[in-house]
Amino acid sequence: MKYTFIKNHEYLFPIEKMCKVLEIGSSGYYKWKNKSISNRTLRKNEIKQQITDIYFASKQRYGSPRITTELNELGCKISRVTVAKYMRELGLRSKLSKKFKVTTDSKHNYLVVENVLNRNTSYTKKTCKY
């Protein structure tokens, strides 16, 4: 956290002074700044990019099981739990669409009551006088 503060403010203050104020060695800061990214981090970032590509190619409908099968077909050996963890880190969730359900059944065999009160069922639009 101290190193990121120094990196974000290195154009305002000298690095050596900030290291002295924060009581850290300047050699430690330079070592942190110049370190290379590990192979594990590179692989993780690559897999996250593939997950994101598959997710948006499927119109955000695929969850971790389907994305896992897609990745396994591409030759990337990964478990569903790991894909779910990466999706959680990326903030990706599958969008579920509800299936259409018919709620009206006009072709029933039930008794239909006659209009005894002679009600007018047509809708008439009333206008406002104000």
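Label Asn8 and Lys95 with points 7 Å out from Cα along Cα→Cβ: what is the distance between them in nm?
Taking the simple label geometry, Asn8 and Lys95 are separated by 3.3 nm.
Along the Cα→Cβ direction, 7 angstrom out, place labels at Tyr110 and Leu74. What is the inter-label distance in nm?
It works out to 5.2 nm between the two label points.
In the chain, once you exclude exposed trypsin sites (Lys or Arg not before Pro) (DSSP loop, at most 14 other Cβ within 10 angstrom), what's the longest stretch remaining?
1-34
Any of Lys48/Lys85; Lys2/Lys35; Lys44/Lys95; Lys48/Lys77; Lys7/Lys35; Lys7/Lys31 with alpha carbons more than 21 Å apart? Name them for me.
As for pairs spanning more than 21 Å Cα to Cα, those are Lys44/Lys95.
Determine by what factor the alpha-carbon radius of gyration of the stretch 39-90 differs from 2.2 N^0.38 Å, reporting the quotient.
In units of the globular-protein estimate, the stretch 39-90 measures up at 1.01.
Between Gly25, Gly75, Gly63, where does the largest GNM mean-square fluctuation fall for the chain, given springs only between Cα atoms within less than 10 Å?
Of Gly25, Gly75, Gly63, the Gaussian network model singles out Gly25 as fluctuating most.
In degrees from 0 to 90, rounded to the nearest 10, what is the angle of the helix 80-90 Cα long axis to the longest principal axis of the chain?
Helix 80-90 sits at roughly 80 degrees to that axis.
Rounded to the nearest 10 degrees, what's the angle between the helix 64-73 long axis and the longest principal axis of the chain, both from Cα atoms, 0 to 90?
Its long axis makes an angle of about 60 degrees.
Counting Lys +1, Arg +1, Asp -1, Glu -1, what net charge surrounds Lys85 among other residues with beta carbon under 11 Å of its beta carbon?
+3
Just name one of Tyr86, Leu71, Gln49: the one whose Cα is farthest towards the positive end of the charge dipole of the stretch 39-90 (beta-carbon charges, Lys/Arg +1, Asp/Glu -1).
Working it through, the farthest residue towards the positive pole turns out to be Tyr86.
Between Ile47 and Ile24, take the C-beta separation as r, use R0 = 30 Å, and let me know the FRET efficiency to the nearest 0.05.
FRET efficiency, Ile47 to Ile24: 0.35.
Taking GluC sites (Glu not before Pro) that fall in a DSSP loop and have at most 10 other Cβ atoms within 10 Å as cut points, what is the longest piece of the chain between them?
24-113
Restrict the search to the stretch 1-98; then list the chymotrypsin sites (Phe, Trp or Tyr not before Pro) that DSSP places in a loop and that have at most 15 other Cβ atoms within 10 Å of their Cβ.
Tyr11
Fewest Cβ neighbours within 10 Å first, please rank Thr103, Thr68 accordingly.
In increasing order of surrounding Cβ atoms, one gets Thr103, Thr68.
Throughout, read-outs are computed from the coordinates displayed, never taken from laboratory work. Since we're looking at a predicted model, the values are computed, not measured. Ideal geometry is used to build each Cβ from the backbone, glycine not excepted, and the neighbour counts take in all protein chains shown.
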